[in-house]
1. Given the options 114, 21, name the one that is at pLDDT 85 or above and within 14 Å of the chain's Cα centre (by Cα).
2. Output the residues belonging to segment 96-111 that are more than 12 Å from the chain's Cα centre (by Cα), at pLDDT 85 or above, not aliphatic (A, V, I, L, M) and not in a helix (DSSP H, G or I).
3. Pairs please, first residue from segment 92-120 and more than 21 Å from residue 37 (Cα to Cα) and among the hydrophobic types (A, V, I, L, M, F, W, C), second anywhere and surrounded by 11 or more Cβ atoms within 10 Å (Cβ to Cβ) and modelled with pLDDT under 70, Cβ atoms under 9 Å, 6+ apart in sequence or on different chains.
4. With respect to residue 80, is the statement that it is modelled with pLDDT under 90, in contact with a Phe, Trp or Tyr (Cβ under 9 Å, 6 or more places away or on another chain) and among the hydrophobic types (A, V, I, L, M, F, W, C) true?
5. Return the only residue of 70, 81 being at negative phi, surrounded by fewer than 16 Cβ atoms within 10 Å (Cβ to Cβ) and in a helix (DSSP H, G or I).
Amino acid sequence: MHDYRDSSANPTKYRGLSADIEQLYQVLQAHVQRRLSSSEGAPTHQNTGTLPPCAPLERLCETFSLSAFERDVLLLCAGVEVHPHFGAQCAAAQDTAIPYPTFDLVARLFPGDIKIKPNFCLTNYE
């Protein structure tokens with residue numbers, strides 16, 4: 001597993017990516033805290049646009065015409081691969097032993113953002 005925080009090979013190239021993944025990690029932690037305290041409330045995830053852009057991620061989003069929601073789903077999946085505690089937070093957020101994001105978790109984290117259309121890029125690429 002590559003630790004996304006070690007950007008020594010190219011410190012500026014992945015700064016935006018690590019910040020975006022860290023932001024989603026904070027959303028997962030907040031979701032777990034709300035679930036544990038049984039308090040209801042909408043997730044606090046908002047892409048503020050103030051993070052430095054990650055050129056490879058932006059190029060990927062442009063190439064595949066990814067929406068902001070699709071970009072967030074992609075980052076959520078990438079987070080499991082590169083963040084050392086992301087999988088555990090996914091499992092805790094779902095109250096299961098599943099250490100990766102599921103559609104149910106995506107629906108809970110981004111309830112107003114889910115807009116699955118017939119040409120949904122993340123499911124239809126060949």
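1. Result of the check over 114, 21: 21.
2. Across segment 96-111, the qualifying residues are 96, 99.
3. If the second residue must be surrounded by 11 or more Cβ atoms within 10 Å (Cβ to Cβ) and modelled with pLDDT under 70, the pairs left are 103/114.
4. On the way: modelled with pLDDT under 90: no; in contact with a Phe, Trp or Tyr (Cβ under 9 Å, 6 or more places away or on another chain): yes; among the hydrophobic types (A, V, I, L, M, F, W, C): yes.
For residue 80, the condition - modelled with pLDDT under 90, in contact with a Phe, Trp or Tyr (Cβ under 9 Å, 6 or more places away or on another chain) and among the hydrophobic types (A, V, I, L, M, F, W, C) - is not met.
5. Numbers: 70 fails: surrounded by fewer than 16 Cβ atoms within 10 Å (Cβ to Cβ).
Just one listed residue meets the conditions, 81.
The values are calculated or read from the model by the stated rules, or taken from the named source; none is laboratory data. Keep in mind that what you see is a predicted model, and the values were worked out from it rather than measured. Neighbour counts are summed over all protein chains in view; Cβ atoms, including those assigned to glycine, are modelled from backbone coordinates with ideal geometry.
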